1. Restricted to the stretch 545-579, and to residues that are more than 21 Å from G289 (Cβ to Cβ) and either of a type in the set (F, W, Y) or not in a loop (DSSP other than H, G, I, E, B) (or both), which residue is modelled with the highest pLDDT?
2. Which one of the conditions (1) in contact with a Phe, Trp or Tyr (Cβ under 6 Å, 6 or more places away or on another chain); (2) modelled with pLDDT under 95 does R365 fail to meet, given that it meets all the rest?
3. Working carefully through the options G70, G85, find the one that is among the small types (G, A, S), surrounded by fewer than 24 Cβ atoms within 10 Å (Cβ to Cβ) and more than 27 Å from the chain's Cα centre (by Cα).
4. Answer with yes or no whether M322 is aliphatic (A, V, I, L, M) and assigned to a helix (DSSP H, G or I).
5. Would you check which residues across the stretch 142-189 are of a type in the set (A, V, I, L, M, F, W, C) and within 19 Å of P74 (Cα to Cα) and list them?
6. Just one of L123, L106 is open to solvent by 30 Å² or more (accessible area, probe 1.4 Å), in contact (Cβ under 8 Å) with a residue 24 or more places away in the chain and under 26 Å from V25 (Cβ atoms); which is it?
7. I'm checking my understanding of the structure. Among residues of the stretch 17-72 that are in contact (Cβ under 8 Å) with a residue 60 or more places away in the chain and charged (D, E, K, R), which one is nearest to F437 (Cα to Cα)?
8. If G19 satisfies all but one of (1) at pLDDT 90 or above; (2) open to solvent by less than 80 Å² (accessible area, probe 1.4 Å), what's the number of the condition it fails?
Amino acid sequence: MATHESAAHASHAHAAPQGFIRKWVFSLDHKVIGLQYYFLALLAVFVGMFLSLLMRIHLIWPAATLPFLGEIKPETYLTLVTMHGTIMVFFVLTTAPQGGFGNYFLPIQIGAPDMAFPVLNMLSFWTTFLGFVVLVAAFFVTGGAPLHGWTGYTPLSALQSAGPGEGLGADLWITSIAIFCIGALMGALNFITTTLDMRAKGMTMMRMPLTVWAWFVTAILGLLAFGVLLSAGILLLMDRNLGTSFFVPLGTINGQLTGHEGGSPLLWQHLFWFFGHPEVYIAILPAMGMCSQLLSVFSRKPIFGYKAMVYAIMAIGFLGFMVWGHHMFMSGMSPYTAFAFSIMTMGIGVPSAIKTFNWLGTLMRGRIRFTSPMLFAIGFVSLFVTGGISGPFLAQPVLDIYLHETYFVIAHFHLIMGVASIFGIFAATYYWFPKMFGRMMNEPLAKAHFWLTFVGAYAIFMPMHYYGMSAGLRRYSQSTEVAYILKLLPLQRFITIAAFITIASQFIFVVNLFWSMFKGAKASDNPWEATTLEWITATPPPHDNFGGRTPVVNNGPYEYSVPDAPRDFVMQTDPEIKPKH
């Protein structure tokens, strides 16, 4: 084992780059690649947010003419829905927590000098970047971007003649996702190999921080899920351009035969959701690991039930592949199949509940420090619970059939997958910024950002539940055509005003981020008095992370408030603490 590990370590000893291109553009350093992923996600989130802003404007003022954009037509609204969902799910929620923070901090937290395959790491980022460029290009081609929704349901997405944007725009959309899948697969292989092969001496699996466990399990999910989506995307491109019939049955459009027969639109749904549900956990697991880390650090207490937390992460990863059918209760599936998926969906709530109670157990009687990373971590728990509670309702086929096509579903998954994951990204940014850039972020601005975003998220997504329970239908571009929906317009107006304020408050974060990089107060090596390995090295970390010294790990990652210890925290590299008898 020792020779295997030393060989693994030796294969990544690449010299520090000299030129600008090698250092910052085509870099092999996992820290630079992590920052590249992070800033790509930052760009993507503002594009996605702008699209959602246009959607909210159209829902309230359907006849408004906007500068540069003109009037938003109903089909344009569907395009905005499609591209907003795709950008946010793939290029923000998958890219920032895993690609950004995972790349930067996983090797440091396990005591490795770099990722296992540095060149593959570089390729995975540039592949992802290419995927983003191809996706945005769909806006600028003839016919514009597609309108088939981020789920790309066939036969709407499988036929070039199905509607505006379903020509070249849809081909670019599918190609973009296929490219993204290739990048994600390369990244996943790298994460798994690094975690298994590159741990420092003494860093057993059960001494890894929960952030590392979350990134590791997320990588396994990615390895198993993105391959399925890649295959489905290739089959869909073939249906659209080569005349095959995987997803298109015999049928007519506008009285014309489609030229296809024998395909199954439901096959696409199965393939897509077999990826799509693990994707929810790919987005949320890194935020769960992050939240566990921060609640322990800022409560000055060991995490409550470390082993239970590890097994809960594994259980979520395992059960995540067994629940995809709950997205398809409306598809005419057998009630027996629906019942099985319903039971499994209720079952996956159990490890999530274990994690939630352990977070509360960690907070209980802690000496809590209400710093900005801690506020976002507590906000994450709140949003995760609120968003999760509506899950069991949608897991019942008899209720889902009523709620499925309403805003209730939008409210549910935005809270638990979207906003909760974004809160994990914010918490990680405020927590690790001093280590990445050597400066502290402005704390009063960070707290203002937290309160505006936290209250804003609830003001947007709680009313959506009520709108959905009143049968407010999603994918409708305006409320004016259906009498009972028109009566719900004041609710939509409230949501839109809340969205304006919440989006505006994100500029506080951007100003704080870029201002603090250059003007923030200088940070010490361990400003939060944390125990994990990234806090023993210099700030920012040197090229090989530890300046030529490989750390030796003697303690677990959450040794806070240890009796008889000289300080209230024991670093992982400190001499082993022996319990006194």
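The values are calculated or read from the model by the stated rules, or taken from the named source; none is laboratory data. Quick caveat: nothing in here was measured; it's all calculated off a predicted structure. Positions of Cβ are backbone-derived with ideal geometry, glycine not excepted, and every protein chain shown enters the neighbour counts. These area figures cover heavy atoms from the full protein model, side chains too; ligands, DNA and RNA do not enter into them. Shrake-Rupley method; radii C 1.70, N 1.55, O 1.52, S 1.80 Å.
1. Result: V552.
2. All conditions pass for R365, except number (1).
3. Criteria check complete, one pass: G70.
4. Numbers: aliphatic (A, V, I, L, M): yes; assigned to a helix (DSSP H, G or I): no.
Taking the combined requirement at face value, the residue does not satisfy it.
5. Listed by number, the residues that qualify are A145, L147, W150, L156, A162, A170.
6. Of the residues listed, the single one that is open to solvent by 30 Å² or more (accessible area, probe 1.4 Å), in contact (Cβ under 8 Å) with a residue 24 or more places away in the chain and under 26 Å from V25 (Cβ atoms) is L123.
7. Only one residue fits best here, namely K31.
8. (1)
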